[in-house]
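J.: First, the structure itself, so that you have it in front of you.
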Amino acid sequence: MNLFSSMICDLSPGVHGLHEIFPPLSTFVMVGRTRQCKDKAKGPSAKVNIKSALVEDIIDLEELKEEMAAVVYALKDDFTRSLSIRTSPGALDHIIVVTCDGKFPLNELGQISMKSSHLLIVNMSNFPEAVTAATRALRECSMNLNPEVDGTIIKVAIPKVSREHRENLAKLAKQLSNKAKESLRSVRSNAVSQVKKSKEGHSEDILRLIEKQIQQMTDDVTAEIDKQLAVKTKELLG
């Protein structure tokens, strides 16, 4: 049995949520092989699911799926680190301090604690030489902070979250989501280029089918990015 004769129609509905961004790559599908398939393929739910093992000499679809999912994980991490409107010691963890010895997260150089609901304390006694650099990093971050230094203690008053600040954070969320989409397009472009390099020894129909699978995966992840942005925007703007 050749590769095409092993193809069937799969009209499983689309999936949602990060853990279901992609359907299992369990079937190799060709939409339109028979009249019945052609009729079914006209519906919006028609999906191409390619068994990874059947095309592993062309592209590793499982690895591609992981690369695309990683884009969403990175976006969610960016949202958590950069767009928090709640006061907690962890709100400063993402701030990177540039020292003469390299770049370090603030929480690796100082002990961060909460003095009150609007005041954080950064104890730099273990790395007193980094107080100036840490203060600069706090002042230059996107959180509109004005740290005060008292010896090896940095006092960080957390300003009340204004409507303007919420709107600025929402704009930043949009920028981060666009950046994620750029990363996704790069992953897709590299995958398509890899497929196109495999023209010799493979039919054009198979290669087109693989490209369609790649586009489907890209569309699913793009939809997930938009979903994450909508949730975060609603959270920020209230």
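J.: Of everything in the stretch 189-207, what is in contact (Cβ under 8 Å) with a residue 60 or more places away in the chain and under 23 Å from E66 (Cα atoms)? Give them in sequence order.
T.: Across the stretch 189-207, the qualifying residues are A191, Q194, V195, S198, I206, L207.
J.: Test each condition in (1) without any contact (Cβ under 8 Å) to a residue 60 or more places away in the chain; (2) in contact with a helix residue (DSSP H, G or I) (Cβ under 6 Å, 6 or more places away or on another chain) for S183 and report the one that comes out false.
T.: Here S183 clears every test but (1).
J.: List the number of the failed condition for R208; all other conditions in (1) at pLDDT below 95; (2) under 17 Å from A74 (Cβ atoms) hold.
T.: For R208, the exception is condition (2).
J.: Same structure again: Taking the criterion of being surrounded by 20 or more Cβ atoms within 10 Å (Cβ to Cβ) and in a helix (DSSP H, G or I), would at least one residue in the stretch 145-165 satisfy it?
T.: Among the residues of the stretch 145-165, not one is surrounded by 20 or more Cβ atoms within 10 Å (Cβ to Cβ) and in a helix (DSSP H, G or I), which makes the answer no.
J.: Shifting gears a bit: When residues of the stretch 108-141 are filtered for being of a type outside the set (A, V, I, L, M, F, W, C) and within 28 Å of the chain's Cα centre (by Cα), how many remain? Spell out how you get there, then give the answer.
T.: Initially, the stretch 108-141 is screened for residues of a type outside the set (A, V, I, L, M, F, W, C), giving 108, 110-111, 113, 115-118, 123, 125-126, 128-129, 132, 135-136, 139-140.
Cutting the leftovers down to within 28 Å of the chain's Cα centre (by Cα) gives us 108, 139-140.
So the count comes out to 3.
J.: On to the next question. All but one of (1) in a helix (DSSP H, G or I); (2) open to solvent by 80 Å² or more (accessible area, probe 1.4 Å) hold for A173; state the number of the condition that does not hold.
T.: (2)
J.: Taking the stretch 208-238 as the search range and keeping residues that are of a type in the set (G, A, S) and touching a residue at least 24 places away in the same chain (Cβ under 8 Å), which one is least open to solvent (accessible area, probe 1.4 Å)?
T.: Within the stretch 208-238, the first condition is being of a type in the set (G, A, S), and the residues that meet it are 223, 230, 238.
Adding the requirement that they be touching a residue at least 24 places away in the same chain (Cβ under 8 Å) leaves 223, 238.
On the way: A223: 59, G238: 90 Å².
Filtering first and then ranking leaves A223.
The values are calculated or read from the model by the stated rules, or taken from the named source; none is laboratory data. As the structure is a prediction and not an experimental result, all values here were calculated from the model. Positions of Cβ are generated from backbone atoms using ideal geometry, with glycine treated the same way; all protein chains shown enter the neighbour counts. These area figures cover heavy atoms from the full protein model, side chains too; ligands, DNA and RNA do not enter into them. Shrake-Rupley method; radii C 1.70, N 1.55, O 1.52, S 1.80 Å.
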